[in-house]
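The values are calculated or read from the model by the stated rules, or taken from the named source; none is laboratory data. This one's a predicted model, so the numbers in the text were calculated from it and none came from an experiment. Here the Cβ positions follow ideal geometry from the backbone for every residue, glycine too, while neighbour counts run over all protein chains shown. To get the accessible areas, we keep the full protein, side chains included, count just its heavy atoms, and leave off ligands, DNA and RNA. Shrake-Rupley method; radii C 1.70, N 1.55, O 1.52, S 1.80 Å.
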Amino acid sequence: MLIITFLIGIVINAMGYVPPGNINLTLAQLTINRGMRQAWGFILAFSCVEVFFTFGMMRFARWISSDVEIDAIKVGDFQLSLLIDVFMMVLLLVMATLAWKNRDKVYQPKTTEDSRKGSVLYGIILGVLNPVQIPYWLFFGNYVILHEWITTTYPSLIVFSLGSGVGSMVALYGYAHFAKFIQEKFTLSSRLINQCIAVFLYCLALYLLIKQLVICFG
């Protein structure tokens, strides 16, 4: 049973990182600029944070009914979905601006150790600043619990969370490897790839803005 729980954790969290987003696109940019070794530091650090994040969200999901609408949850006078979208818009704009500003920058870290520490710290920071996963886990956490795919005992939730960490690791490694493959296969410049990633992040921020405007004035 615990093996199945572990595999479910891998699959569900890996699915969450398949669509392009701020995490996997940032990793792709890091891979292009600094190589796979630094990307691995980011992936491992981020996945470790994801384990603790998933465990906390699954514990919280136990108290949420499947009938509760995510958009109806409020924090003070504001809906949770609005706060998450606003935070993500700011985060995406900052990351996109940094990517565009540094598109021509050649990364030459002083030492491999310092560069690796920077990638690890980056992974930890983005692992913590990842609120878009909150509604994802509120939905899928309820789904797997209510359908009795997993139990809510501590050993089961721990194993599920470890699987979640492995799932994010697998998905992010796929993005990193694909980014490197695309650059080498089509001999694309780092500048062009960085520009594309920055534009895509700007588009994601614009999508969230339009979404909230439609909700408010629709």
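General remarks:
- Order of exposure, largest accessible area first, which applies to T152, T26 with probe 1.4 Å: T152, T26
- Applying 0.36 nm per residue to the separation of K185 and V11 and subtracting their alpha-carbon distance, the gain on full extension is 59.8 nm.
- Pairwise label distance in nanometres, L206 with W100, each label 7 Å out on the Cα-Cβ vector: 1.0
- Orientation-averaged projected area, Cα convex hull of segment 132-181 (nm²): 4.1
- Applying 1/(1 + (r/R0)^6) with R0 = 25 Å to the Cβ-Cβ distance of L146 and C196 gives a FRET efficiency near 0.05.
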